[in-house]
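Let me begin by presenting the structure, written as structure tokens, before commenting on it.
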Amino acid sequence: QVQLVESGGGLVQAGGSLRLSCAAAGSIFSKNTMGWYRQAPGKQRDLVATIAYGGATNYADSVKGRFTISRDNAENTVYLQMNSLKPEDTAVYYCTYQDRYQPNVWGRGTQVTVSS
């Protein structure tokens, strides 16, 4: 079983930056995909970005050009660099992990609040 631990959330003014980290531990298999989702109050949980083990990335249109996802396979860690933050980016950000044996692992989430 994989466990995920997120860090790096917080409060930032609009236009600012934050960097989220998520470390995976446990039964990690190669060819996995890690990523980030977010959920604002009263809304569904939506994709932010994902990154495959080989580096292929996928972004939500709303964050393209502002957010960058990356990973360190040696450390089993995924990062989300968030620049030019907007109030509408305010949400709980959840780290995800999936491989062929564990299709849907979630972290506990980290709060990101962007003030206007």
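The values are calculated or read from the model by the stated rules, or taken from the named source; none is laboratory data. As the structure is a prediction and not an experimental result, all values here were calculated from the model. FYI the Cβ positions are ideal-geometry reconstructions off the backbone, even for glycines, and counts take in every protein chain you see. Each accessible area value is taken on the protein alone, full model and side chains, heavy atoms only, with ligands, DNA and RNA left out. Shrake-Rupley method; radii C 1.70, N 1.55, O 1.52, S 1.80 Å.
Structure above, values below:
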| read-out | value |
| --- | --- |
| Residue match in the range 58-65 (condition: at pLDDT below 95 and of a type in the set (Ser, Thr, Tyr)) | no |
| Residue match in the range 97-106 (condition: among the charged types (D, E, K, R) and touching a Leu at 6+ places or on another chain (Cβ under 9 Å)) | no |
| Answer residue from the range 37-60, given it is farther than 17 Å from PRO103 by Cβ and hydrophobic (A, V, I, L, M, F, W, C) and is most open to solvent (accessible area, probe 1.4 Å) among those | ALA56 |
| Top-ranked residue in the range 79-116 [being part of a helix (DSSP H, G or I) and either basic (Lys, Arg) or open to solvent by less than 60 Å² (accessible area, probe 1.4 Å) (or both); ranked as farthest from ARG19 (Cα to Cα)] | PRO87 |
| Scan of the range 63-76 for residues that are in contact (Cβ under 8 Å) with a residue 12 or more places away in the chain, surrounded by fewer than 18 Cβ atoms within 10 Å (Cβ to Cβ) and either of a type in the set (Asp, Glu) or in a strand (DSSP E or B) (or both), ordered by number | THR68, SER70, GLU75 |
| Hey, ASN32 in contact with a Lys or Arg (Cβ under 9 Å, 6 or more places away or on another chain), of a type in the set (S, T, N, Q) and more than 19 Å from VAL112 (Cβ to Cβ) or not | yes |
| Criterion violated by THR50 - all others in (1) assigned to a strand (DSSP E or B); (2) of a type in the set (S, T, N, Q); (3) touching a helix residue (DSSP H, G or I) at 6+ places or on another chain (Cβ under 9 Å) satisfied | (3) |
| So SER84, is it more than 15 Å from the chain's Cα centre (by Cα) and of a type in the set (S, T, N, Q) | yes |
| Options ALA14, ALA60; residue that is touching a helix residue (DSSP H, G or I) at 6+ places or on another chain (Cβ under 7 Å) and either within 25 Å of SER116 (Cβ to Cβ) or in contact (Cβ under 8 Å) with a residue 60 or more places away in the chain (or both) | ALA14 |
